[in-house]
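The values are calculated or read from the model by the stated rules, or taken from the named source; none is laboratory data. Keep in mind it's a predicted model, so treat the numbers as computed, not measured. Using ideal geometry, Cβ is built from the backbone for each residue, glycine included, and neighbour counts are taken over all protein chains shown. Note: accessible area is taken over every heavy atom of the protein model, side chains too, but ligands, DNA and RNA are not part of it. Shrake-Rupley method; radii C 1.70, N 1.55, O 1.52, S 1.80 Å.
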There are 2 protein chains.
Amino acid sequence: MTVQMSEDDPAEAILARVHARGGAPTIYDIAELAGVNPSTVSRALGKPGRISAATAAKVRAAAERLDFRVNPMARALQTGKTKMIGLVLADITNPVVFGIVRGAEHAAAEAGYTLVIAESQESGENEAEAIERLLPSVDALVLATTRLAASAITGIAEHKPVILMNRAVDGIRSVLPDVEAGIIELLDHLAGLGHRSVAFLAGPDSSWISARRWSTILAAAVARDMAIVEIGPNAPTIAGGRAALPRVRAAQVSAVIAYNDLMAIGLMQEAASVGIPIPDRLSVTGFDDIFGSELISPPLTTVGADLAAAGRQAVERLLDPEDAQPAPLPTQLIVRGSTGPAPRA
Amino acid sequence: MTVQMSEDDPAEAILARVHARGGAPTIYDIAELAGVNPSTVSRALGKPGRISAATAAKVRAAAERLDFRVNPMARALQTGKTKMIGLVLADITNPVVFGIVRGAEHAAAEAGYTLVIAESQESGENEAEAIERLLPSVDALVLATTRLAASAITGIAEHKPVILMNRAVDGIRSVLPDVEAGIIELLDHLAGLGHRSVAFLAGPDSSWISARRWSTILAAAVARDMAIVEIGPNAPTIAGGRAALPRVRAAQVSAVIAYNDLMAIGLMQEAASVGIPIPDRLSVTGFDDIFGSELISPPLTTVGADLAAAGRQAVERLLDPEDAQPAPLPTQLIVRGSTGPAPRA
DNA sequence: TTGTATGCGTTATCAC
DNA sequence: GTGATAACGCATACAA
């Protein structure tokens, strides 16, 4: 019966006991197997240099043998750090967030953090609730396009590190696109095509970035002696874009700058359905360069930003104790088929 | 100095102490303020009926006053339940996942759970790593279109409840679309348009659902006396679809069923770039009805599924102890412009 | 109904 | 370098 050594194998015995109590192996189990104190196990696994190579090896072997994984809850209880980062989104189904989520998830994973996400569905109430729910479990929070009042945000920031995306609040860090650069390019592009009268299709009233874009567009248009009007507020969705067409027609402009690609797409769809040719009768542009913008016909001219880079930057900065506000993320005009020469009056 | 009562307010004193130690209020703080034992606080907050209405009210008031929130880590350590659900995705930027994530997040939030997500980037190694990282912190796991070996999945399921999306493994629960129904509709549609020779653009070799779709299509095509060929494997992306065009042309079929919408879109883009008119020379269809499918020109005929419902069902079933495998999720053919009459030979 | 005592698994603070 | 022990915040079996 020489094969039966497994019964004498101390590891097997411990494993059996672990299984019996229906849990996972702990540092006590490892300590027993390795013949050391639990605290030594903790150190061997957690602090590289502070233990002799020999015992470290023993411990590691035992841990491997028992398939040990630290209990993140127990660690968090002791250290106060959960190694989790919360990401609060207004609307998961808006393609802009894909890139943000991916960038954030990667940066988090690289730093050994886990990303937990919550969606507010464009509702301030849901958002407050979601944050409330997330806050105790995370070490830090990314608030993307939040609708919260500045005071609420400041309040949260007193508890945990917070970073804002697409919004600025005094005293809170934020990752922002370089709106200026892309908008200058865009207006030069439109001016070059002969457009003299342009509308900005605004996003929701609560959108900080929409207001920011509008004021930049306003200044740039005035500087170029173009007529500019703001139409809004609108829902930042395809439906919002569709619903805005009548007001766009009424404004008798030759070009429309939508607050985001979704609205631009909706506007184009509605225009197509009533027989307005784009770009021949109306030029349309958006922001973000989401998935779908180059799919639509004609493909959308838009001011793109690297959303994945934005998501990545958000969590990297959150994790960096000596983080300084960096330059805004570059944006660039992507000229496609939805803009063309202004129709002759 | 009557206004100075705050200094005598016991709540203020406790709050100050809490702030000084730099943490959050605990049930001990509440207990002190309410003049009861910590365990009573725990019960009052956790078990509705088991406490007298009077003390329950006292405790609640104190908790409110101190802005108390239970520490999820401490609770998890004691109960073994983290109230978190892990969602592992192959590719966050694939639009199919939007719906899944939204449905899963909502179902989780409704049940008081938090959704934590990880992305494997279509790599089995990353996936194993991500699961490894998530496993200790979650109560249950949703594996969406996983590439893991069946044995690995079974191994995970021994530790925590697992549910699969778009894949079936013996002994593991799964949420599956009713592939059959949609495919029957699709082939009837193509047959009605006169298509006699069709190709299936397969997904990756490791995709269970691709194999499932292929075998169903094969049987349905044979039953209709249509010629059918499988072309693949292909990357389940736009690039994968584009790259497949030469093989599609070589096959001299009049219609292509792509494994998913992304591939169908890629194929159409490539066809457009070499001047093949769709659907006049070639009909193209996909699966999933992702965002973008109706945007592209011509809009894509596809077998759609309610992805949000799928995501929702996944976490609801995960949380339901007496869950029985329900009927597969309904799918339906969505006829748009990318399919048309077969060209006359 | 409420209080007492203990344990969850880990890290941190002491000793030695 | 390593061991013993306390502490993190909460839940629960047991007493009262």
Inspect the stretch B:46-53 for any residue being open to solvent by 50 Å² or more (accessible area, probe 1.4 Å), modelled with pLDDT under 95 and charged (D, E, K, R) and give the result as yes or no. yes
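Is it the case, given these coordinates, that B:E180 is touching a helix residue (DSSP H, G or I) at 6+ places or on another chain (Cβ under 9 Å), acidic (D, E) and surrounded by fewer than 17 Cβ atoms within 10 Å (Cβ to Cβ)? First the steps, then the outcome.
Values: touching a helix residue (DSSP H, G or I) at 6+ places or on another chain (Cβ under 9 Å): yes; acidic (D, E): yes; surrounded by fewer than 17 Cβ atoms within 10 Å (Cβ to Cβ): yes.
For B:E180, the condition - touching a helix residue (DSSP H, G or I) at 6+ places or on another chain (Cβ under 9 Å), acidic (D, E) and surrounded by fewer than 17 Cβ atoms within 10 Å (Cβ to Cβ) - is met.
Counting only residues that are buried (at least 22 other Cβ atoms within 10 Å of the Cβ), more than 10 Å from every other protein chain (Cβ to nearest Cβ) and not basic (K, R), give me the helices (runs of 4 or more DSSP H) lying completely in the stretch B:63-142 with at least 2 of them.
Details: elements: B:72-79, B:96-110, B:124-134.
By residue number, B:96-110, B:124-134.
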Would you check if there is a residue in the stretch B:11-29 being more than 30 Å from B:L135 (Cα to Cα), within 12 Å of DNA strand C (Cβ to nearest atom) and among the aliphatic types (A, V, I, L, M)? no
Search the stretch B:48-72 for residues being over 20 Å from B:D9 (Cα atoms) and more than 9 Å from DNA strand C (Cβ to nearest atom), and hand back the single one that is farthest from the chain's Cα centre (by Cα). B:P48
Taking A:L66, is it more than 16 Å from DNA strand D (Cβ to nearest atom), touching a strand residue (DSSP E or B) at 6+ places or on another chain (Cβ under 9 Å), among the hydrophobic types (A, V, I, L, M, F, W, C) and in contact (Cβ under 8 Å) with a residue 40 or more places away in the chain? no
Output for Cβ contacts, cut-off 6 Å, separation at least six or different chains, first residue more than 26 Å from A:A108 (Cα to Cα) in the stretch A:286-311, second open to solvent by less than 10 Å² (accessible area, probe 1.4 Å) and of a type in the set (F, W, Y), reads A:V303/A:F287
Out of B:T237, B:T285, report the one residue that is open to solvent by 40 Å² or more (accessible area, probe 1.4 Å) and under 27 Å from A:P299 (Cα atoms). B:T237
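Which is crowded, with 19+ Cβ neighbours inside 10 Å and closer than 30 Å to B:V253 by Cβ, of B:L318, B:L307, B:L329?
Numbers: B:L318 fails: closer than 30 Å to B:V253 by Cβ; B:L329 fails: crowded, with 19+ Cβ neighbours inside 10 Å.
Selected residue: B:L307, the only one of B:L318, B:L307, B:L329 that is crowded, with 19+ Cβ neighbours inside 10 Å and closer than 30 Å to B:V253 by Cβ.
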Report yes if some residue within the stretch A:332-344 is out of contact with any strand residue (DSSP E or B) (no Cβ under 6 Å at 6 or more places or on another chain), within 13 Å of chain B (Cβ to nearest Cβ) and open to solvent by less than 10 Å² (accessible area, probe 1.4 Å); otherwise report no. no
Within the stretch B:21-34, does at least one residue satisfy the condition of being within 30 Å of B:I238 (Cα to Cα), free of Cβ contacts under 8 Å to residues at least 12 places away in the same chain and facing chain A (nearest Cβ under 10 Å)? no
Report the residue count in the stretch A:219-255 for those that are in contact with a Ser or Thr (Cβ under 9 Å, 6 or more places away or on another chain), at positive phi and without any contact (Cβ under 8 Å) to a residue 40 or more places away in the chain. 1
Within the stretch B:268-306, restricting attention to residues that are over 15 Å from B:P95 (Cβ atoms) and among the hydroxyl-bearing types (S, T, Y), which residue is nearest to the other protein chains (Cβ to nearest Cβ)? B:S297
Every listed condition ((1) within 27 Å of the chain's Cα centre (by Cα); (2) more than 22 Å from A:D188 (Cβ to Cβ); (3) not acidic (D, E)) holds for A:I257 save (2)
For the list (1) over 31 Å from the mean Cα position of the chain (by Cα); (2) within 9 Å of DNA strand C (Cβ to nearest atom), I need the number of the one condition that A:R75 fails. (1)
For B:T40, work out the one condition from (1) more than 14 Å from chain A (Cβ to nearest Cβ); (2) modelled with pLDDT of 90 or more; (3) within 38 Å of the chain's Cα centre (by Cα) it doesn't fulfil. (3)
Scan the stretch B:32-45 residue by residue and report those that are open to solvent by less than 30 Å² (accessible area, probe 1.4 Å), aliphatic (A, V, I, L, M) and near DNA strand D (Cβ under 10 Å from one of its atoms). B:V41, B:A44
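Taking into account only those residues within the stretch A:143-176 that are part of a strand (DSSP E or B) and of a type outside the set (D, E, K, R), which is surrounded by the fewest Cβ atoms within 10 Å (Cβ to Cβ)? If you could, list the steps in order and put the result at the bottom.
Restricting attention to the stretch A:143-176, the residues satisfying the condition of being part of a strand (DSSP E or B) are A:143-144, A:162-165, A:173-175.
When the remaining residues are screened for being of a type outside the set (D, E, K, R), the result is A:143-144, A:162-165, A:174-175.
Values: A:L143: 28, A:A144: 26, A:V162: 25, A:I163: 22, A:L164: 23, A:M165: 25, A:S174: 18, A:V175: 26.
Looking at the filtered set, the residue picked out is A:S174.
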